[in-house]
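The structure appears below as structure tokens.
The values are calculated or read from the model by the stated rules, or taken from the named source; none is laboratory data. None of the values given here were measured: they were computed from a predicted structure. Glycine gets a Cβ as well: all are built from the backbone with ideal geometry, and neighbour counts include every protein chain shown.
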Amino acid sequence: MRILLKDFTILPAAGGPKEHLSLLIEGGRISRIGAAAKLGDGPFDRVIEGRGKLVMPGLVNAHTHLPMVLFRGYADDLPLRQWLEEAIWPAERKLKPEEVYWAALLGIAELLHSGVTAFADMYFFMDEVARAVEESGIRAQLAYGMIASDAAQEERELAKGLELADRWHGAAGGRLQVALGPHAPYTCGRSLWQRATEAAQQRGLMLHTHLAETEAEVVESLQRHGQSPVEYLEGLGAFAAPMLAAHCVHLSERDIEILAEHGVHAVHNPTSNMKLGSGIAPVRRLLEAGVNVALGTDGAASNNDLDMWEELRLAALLAKVGGDPTALPAPEALSLATVNGARALGLNEAGKLEEGSTADLVILDLDRPHLVPQYDLVSNLVYAAHAADVETVLVAGEIVMEEREIKSFDEGEVKAKVREISRKYR
């Protein structure tokens, strides 16, 4: 498909925004950028006019639990362990595969409306999430969340993770990748971690986990192992495979050094960490140490939405709470949600707007009251933009949402199905 995005303000990979430029999209990639008259004649399958609009790289939600939109507002204002053990895990035991499918579609709808073109997810009944990804047109890295307390459970959990990879890794025209997902150092034993790491290395997969989310987790690890969670995983050899590590809130200086040495991708989840009282991740220290930091929402049961623009603003503001208003300036914050997120998911040709890059793009309406005036467009995006400003989303050069209408599935039907499913939890 040949699509011409004509006369847009664009946000390229480097430098500030540029006005009155056009993009030619061919074969799922940005083939040329320049004045419309210099991009060649048609025919084009589509021409999208861009006066008063911005085209930029799609956002990447690098850590979420998509089907948990079903539990939005279900158990609020509780500490993490109580929230999980007394509310969420008992509710999740009632879930059926088909319910996860509809919840995943609802989550994808919310992501698309937020301008997200790719996300990393960990949950269960992941075949249903994969089906929703395949049908919707979005890009995703999926992991089955493994939790095991004994040898028999370890075998079952590892088998489920590997079976998901066998069925779905590289599916949907390459839009769908699979990672192995040991849930956390405190929910998976030494053997499962080592076997999952070895399997990831052999198959060329990433690991996706929760790491150093709460102070209690660190204290428990020090008591059990004499090491922090980060040191414990390093001792197991778990960083031998590429890792996506969500939260990374309670880190020592040595922990940060270890993450940097092993190229671990840290995912900042500001809203969830605040809501659960987990703390504030040391993003500035991580970045200065050379750690790639991405941005995620976590699940909608602890957020309570999947709005990446909200995460962007909070990430930039929280970095300044310590007293330095120059910490995490707007361009660097925006990188967390675009190029850093793409790199964290192994999408090295996405997250940027340049010739040859993957055409995972979003179009925003700049003629919104809260985006006027525009002294600094990037600052406006980070500190003032909302999900409602997103009009159109392209993934791999395909239009999956246009003028706020999702093209690949019936959003109204999805919302009705989830409302019906939610009745059993009331």
- Could you tell me whether region 240-253 includes any residue that is assigned to a helix (DSSP H, G or I) and of a type in the set (Val, Ile, Thr)? no
- Query: For ASN292, all conditions in the list (1) farther than 24 Å from LEU176 by Cβ; (2) crowded, with 18+ Cβ neighbours inside 10 Å; (3) not assigned by TED's automatic domain parsing to the domain that holds HIS386; (4) not hydroxyl-bearing (Ser, Thr, Tyr) hold save one; what is the number of the exception?
  - Reply: (1)
- Six or more apart or on different chains, Cβ under 7 Å: which pairs go from a residue in region 1-22 that's within 19 Å of GLY351 (Cβ to Cβ) to one that's among the acidic types (Asp, Glu)? Could you list them? THR9/GLU19; PRO12/GLU354; ALA13/GLU354
- Being closer than 15 Å to THR64 by Cβ and at pLDDT 95 or above is the filter here, so list the residues in region 287-302 that pass it. ALA294, LEU295, GLY296, THR297, ASP298, GLY299, ALA300
- Are any of the residues in region 411-419 farther than 25 Å from ASP7 by Cα and assigned to a loop (DSSP other than H, G, I, E, B)? no
- Query: Restricting the search to region 351-370, which residues are in contact (Cβ under 8 Å) with a residue 40 or more places away in the chain and either part of a loop (DSSP other than H, G, I, E, B) or surrounded by fewer than 22 Cβ atoms within 10 Å (Cβ to Cβ) (or both)?
  - Reply: GLY351, LYS352, LEU353, GLU354, GLU355, GLY356, SER357, ALA359, ASP360, ASP365, LEU366, ASP367
- Note on the structure: Those residues of region 261-288 which are among the small types (Gly, Ala, Ser), more than 21 Å from VAL219 (Cα to Cα) and buried (at least 17 other Cβ atoms within 10 Å of the Cβ) amount to none
- Residue set ALA171, ALA140; condition crowded, with 21+ Cβ neighbours inside 10 Å, assigned by TED's automatic domain parsing to the domain that holds ASN269, of a type in the set (Gly, Ala, Ser) and in contact (Cβ under 8 Å) with a residue 24 or more places away in the chain; output residue ALA140
- Item | Residues (of a type in the set (Asp, Glu) and over 23 Å from the mean Cα position of the chain (by Cα)) located in region 316-332 | ASP324
- Task: Considering only region 319-338, state which residues are buried (at least 23 other Cβ atoms within 10 Å of the Cβ) and either more than 12 Å from VAL293 (Cα to Cα) or touching a Pro at 6+ places or on another chain (Cβ under 8 Å) (or both).
- Result: ALA319, THR338
- Please work out if ARG284 is at pLDDT 95 or above, under 22 Å from ASP76 (Cβ atoms), part of a helix (DSSP H, G or I) and among the basic types (Lys, Arg). no
- Message: Restricting to region 184-215, give me the number of residues that are assigned to a loop (DSSP other than H, G, I, E, B) and more than 27 Å from VAL133 (Cα to Cα).
- Response: 8
